[in-house]
Amino acid sequence: MKDKKPYIHPDGSILPSVNQILDATDEIPSKTLTPSGEKKRQERMDRGSRCHAAIADLLTGVTPHIDEVILPWWASISGFVGAVVQGEAKILLSEKPLVHPVLRYGGTPDLILQWSSKSTALIDLKSTEGSWSYDKETKTRSYTPYWHEYRSFDPSETPPRFLTWDNANPYLKRAWIQSTFYKMLAEYHDISISEIWIVVLTKANYQVIPLPGDLWPLCYGEAIARLNQFYENKTVTEVA
């Protein structure tokens, strides 16, 4: 599971993780969880870690242990791995802790894949329950397996035809920013990244949401701003 062990700078100091930076600089403060809510959060984290481990095993030719926790996601996991294998992708990195001594943070990217074309994708895996919707006209209940790219719009707003940084789903934006931190880590360690993918695993299917090239400058800018904000707040707290 990510962020269990501390990230250590070469000078011996403990560095913040990507998740710690994002949590500390989110505009909306995190909710205080009840004991049952915290238990569910830990279960989701455990499920995600097990899904990641199963994918890493499959891609390296190891027979994975598929326990009951991730069995409903197995079709999604094997479908994604099958697509990667068919594309003849090579694993450059999987669940390896990295530190950035200059920017002073650490993180553990899920997966970095490279194809023969030399294109390299940094992949951040997310597992979700998905949701059900009911159509009153047809009286049918259908599974909605995907993350929405757009945020929810106010009734007075007209949804734009094209995705922009301002109208992107906030959960997706956080995932892209998180992956941007991982991209900076990888590139510090001489692994060039040409694409960022959020891969969402559900009980029905998997979804690949690449970061559009035209949104990269804003995503990168927000990642750097969040890093600066984290250290500015940390300095103020230490002085106080």
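The values are calculated or read from the model by the stated rules, or taken from the named source; none is laboratory data. Fair warning: this is a prediction, and the values are worked out from it, not measured in the lab. With ideal geometry, Cβ positions are generated from the backbone for all residues, glycine too; neighbour counts draw on all protein chains shown. Accessible surface areas use protein heavy atoms only, side chains included; no ligands, DNA or RNA. Shrake-Rupley method; radii C 1.70, N 1.55, O 1.52, S 1.80 Å.
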Whole-percent carbon and sulfur share, accessible surface of the chain, 1.4 Å: 54 percent
Of all DSSP beta bridges in the chain, antiparallel share, percent nearest 5: 75 percent
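Pairs K40/K139; K40/K234; K5/K39: which exceed 25 Å Cα-Cα? Let's see the in-between values first.
Numbers: K40/K139 31 Å; K40/K234 30 Å; K5/K39 21 Å.
Long pairs (Cα-Cα over 25 Å): K40/K139; K40/K234.
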Hypothetical label at Q229: residues of the range 6-29 whose amide nitrogen lies under 17 Å (7 Å Cα-Cβ projection): 17-29
Karplus-derived 3J(HN,Hα), 6.51/-1.76/1.60, for each residue of the range 163-168, Hz, glycine and proline x: 5, 10, 4, 6, 9, 6
Amide H within-cut-off set for Y105, under 5 Å, with H built and near neighbours excluded: H100
Potential lengthening between K40 and Y171 on full extension [0.36 nm per residue; Cα-Cα distance subtracted]: 45.3 nm
Positive-end extreme of charge dipole, the range 91-238 - chosen from H148, A223, Y105 (charges on Cβ): H148
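So what is the accessible area of the range 91-238 per residue, in Å², with the probe set to 1.4 Å?
Solvent-accessible surface per residue comes out at 55 Å².
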The chain, helix-only ellipticity at 222 nm - DSSP H runs n ≥ 4, -39,500 (n - 2.57), divided by all residues, nearest 500: -12500 deg cm²/dmol
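To the nearest 20 Debye, how big is the dipole of the range 99-240 about its Cα centre, given +1 on the beta carbon of each Lys and Arg and -1 on that of each Asp and Glu? Each step should come with its number before you reach the end.
Working: 14 positive and 16 negative charges, 65 e Å.
It works out to roughly 320 debye.
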Cα-centre dipole for the chain with unit charges at Cβ (Lys and Arg positive, Asp and Glu negative), debye to 20: 440 debye
Backbone HN-Hα couplings from phi across the range 21-26 [Karplus 6.51/-1.76/1.60, Hz, Gly and Pro as x]: 5, 5, 5, 6, 10, 5
Pairwise Cα inverse-distance average, inverted: Kirkwood Rh of the chain (Å): 19.6 Å
Long-range HN-HN contacts of L15 with modeled amide H, under 5 Å: Y7, I8, H9
